[in-house]
Amino acid sequence: MDGYIYNWNVVWDSLPELQQGLIITLQISIVGMALAIIFGLTFAMGRMSNYGYVKKFSTGVVNFARSIPLFVLLFWIYYGLSLKFAINLTAFQAGAIALGITGGAYMAEVFRGGIEAIDLGQREAALAIGLSSSKAFTLVVLPQAIRIIVPQGVNVYVGLLKGATIVSVIGVADMIYVAQYISLNSFTPFEMYSAVGIAFISLTLSVAGLAYLLERRLNRSSANV
Amino acid sequence: MSETLLKINNVTKVFGTHVVLKDIDLDIVKGEVVCIIGPSGSGKSTLLRCINFIAPPDQGEIIFEGKTWKRFHSRFNIFANRKYEGELPRLRSEIGMVFQHFNVFPHMTAVENVMLGLTKVRKEGRAKAREIAEQSLIQVGLGDKLNQYPEKLSGGQKQRVAIARALALNPKVMLFDEVTSSLDPELVSGILDEIRRLAKDGMTMVIVTHEMNFAFQVANRIVFMDEGRIVTMGTPDEIRNTTDPRARAFLSSILG
Ligand SMILES: Nc1ncnc2c1ncn2[C@@H]1O[C@H](COP(=O)(O)OP(=O)(O)O)[C@@H](O)[C@H]1O
Ligand SMILES: [Mg+2]
């Protein structure tokens, strides 16, 4: 980096824009995670289905979704849908859906792992008192599985948060986009991306901290049914 | 004269290619206590689980209070399956079941464990449910543990919670599956006493057990199973003096 003149003032001057970017990053990762939870739970149930073809289909979808790079997924959803099917999504929508699909593939495994870790006897005891299959799941199995699912779900979320940096390629004005845009004009990429890095590290640490508190709470008391 | 409450008709159960129950027939009369004995792996647990369709029989049927229950499964008609699944809770809520490993719900206190069926199956209001649940726990001697989580309870206390959870729903028949087998020896007799108390109150019960002295004492009828079949059955005296070689071998191995 010979001859490179650091100019940290640019960072300070662009804090409002960076903050805007941060909010977009948070928003898109949260919407993406919400979708990931819905997809994940759906396909986890599919993989545990009694119907062979539902099981195979769900397993196939999960494996497929896991093997597509987020980058490619993003282009398919944003440009592909538009070109092939005239479905025009905003960059934000496309980004959130892509994150939802990638995250969903991981969440499916997290849900399945958490649910399968619960002793079968729990479900049987719930059925034996006359609960329907779905109530046995929502009132007895899931509340126990949640304790396993939450910490792993947080890992998936942190992954999505990092994945969210990719959405700038289709023009979502997230932090990376802001950093790129500003450093192009001010020739300070090192400073701008470092600022983004620091923001991400603090974000990830805060999420981990929140998760720790949540986990402690889950372990202390429990669902009041 | 005595009324058949539960009829197990020609029940067969297969896991993969393994025939675990073969053509089981057994009628249980109201108020009767039937003990099922037999070597490990002979299908005793599976038979109990067929009765309340936790493990639905592959062939044959269960007739409970005159209503016939048969397995149903369509490969493609999900709606028909759902309709059938939706009927089963009615059968199950009339049949209490207690398991070897207690299976109490660890995320609920003792009283919440018992309340769950009352609120969600019997549709009682919370106040009424709590009252019934507390009463039920007091009856099994847990009046001072109402708000404890299972992790704070001993094995014997957990099993009492499980018994109270079943009894609170006022079942017509109770199924016990080796409910003392995972208890420390000093806790066994307390649980057996609870079952004796139920017998005295006239509860219909099907009890899988290895506690032979208890079985001889409490049973009206003892059923000996081996390799998925009922080999012989009779009154405690008849079983004590059985001439069936397999039953004799089993009894001498367990009684010493
Ligand atoms: N869910 C299951 N899947 C496959 N095999 C099973 C299952 N449950 C029981 N079995 C088999 O069925 C046989 C009878 O088991 P079980 O009814 O538990 O016997 P018991 O209670 O008399 O010891 C055993 O060989 C066991 O391995
Ligand atoms: Mg058994």
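The values are calculated or read from the model by the stated rules, or taken from the named source; none is laboratory data. Since this is a predicted model, take the numbers as computed values, not measurements. Here the Cβ is made from the backbone with ideal geometry for all residues, glycine too, and neighbour counts use every protein chain on show. In case anyone asks, the SASA skips ligands and DNA or RNA and just uses the protein heavy atoms, side chains included. Shrake-Rupley method; radii C 1.70, N 1.55, O 1.52, S 1.80 Å.
Assorted remarks:
- Looking only at residues in the stretch B:122-140 that are open to solvent by less than 50 Å² (accessible area, probe 1.4 Å) and of a type outside the set (A, V, I, L, M), the one that is nearest to A:ALA125 (Cα to Cα) is B:SER136.
- So B:ARG122, is it part of a loop (DSSP other than H, G, I, E, B) and of a type in the set (D, E, K, R): yes
- Subset of the stretch A:109-126 that is closer than 17 Å to B:ASN52 by Cα and buried (at least 22 other Cβ atoms within 10 Å of the Cβ) - its residue that is nearest to the other protein chains (Cβ to nearest Cβ): A:ALA125
- Put simply, of A:THR138, A:THR165 the only residue that is among the polar types (S, T, N, Q), part of a helix (DSSP H, G or I) and under 18 Å from A:ILE24 (Cβ atoms) is A:THR165.
- The stretch B:147-161 - residue that is of a type in the set (D, E, K, R) and touching a residue at least 24 places away in the same chain (Cβ under 8 Å) and, of those, farthest from the other protein chains (Cβ to nearest Cβ): B:ARG160
- Single residue of the stretch B:162-173 satisfying the filter (within 13 Å of B:ILE132 (Cα to Cα) and in contact (Cβ under 8 Å) with a residue 40 or more places away in the chain) that is most open to solvent (accessible area, probe 1.4 Å): B:LEU167
- Hey, B:ILE8 of a type in the set (A, V, I, L, M), closer than 18 Å to B:VAL231 by Cα and within 16 Å of ligand 2 (Cβ to nearest atom) or not: no
- Being aliphatic (A, V, I, L, M), open to solvent by 30 Å² or more (accessible area, probe 1.4 Å) and away from ligand 1 (no atom under 16 Å from the Cβ) is a condition met by no residue of the stretch B:2-22.
- Within the option set A:ILE87, A:ILE97, A:ILE101, A:ILE129, being within 14 Å of another protein chain (Cβ to nearest Cβ) and either open to solvent by 20 Å² or more (accessible area, probe 1.4 Å) or at pLDDT 90 or above (or both) holds for one residue only, A:ILE129.
- Test: A:GLU215 is among the acidic types (Asp, Glu), under 26 Å from the mean Cα position of the chain (by Cα) and in a helix (DSSP H, G or I): yes
- Scanning the stretch A:72-101 for residues that are more than 11 Å from A:VAL167 (Cβ to Cβ) and within 14 Å of the chain's Cα centre (by Cα) yields A:GLY100, A:ILE101.
- Check on B:ASP27, more than 13 Å from ligand 1 (Cβ to nearest atom), under 17 Å from the mean Cα position of the chain (by Cα), in a strand (DSSP E or B) and over 17 Å from B:GLY96 (Cα atoms): yes
- Strands (runs of 3 or more DSSP E) contained in the stretch B:37-116 and holding at least 2 residues more than 13 Å from every other protein chain (Cβ to nearest Cβ) and open to solvent by 20 Å² or more (accessible area, probe 1.4 Å): B:59-64, B:67-69
- Look at (1) more than 14 Å from chain A (Cβ to nearest Cβ); (2) within 16 Å of ligand 2 (Cβ to nearest atom); (3) under 17 Å from B:ASP177 (Cα atoms) and you find that B:VAL33 fails only one, number (2).
- Test: residue in the stretch B:219-231 that is among the β-branched types (Val, Ile, Thr) and touching a Ser or Thr at 6+ places or on another chain (Cβ under 6 Å): no
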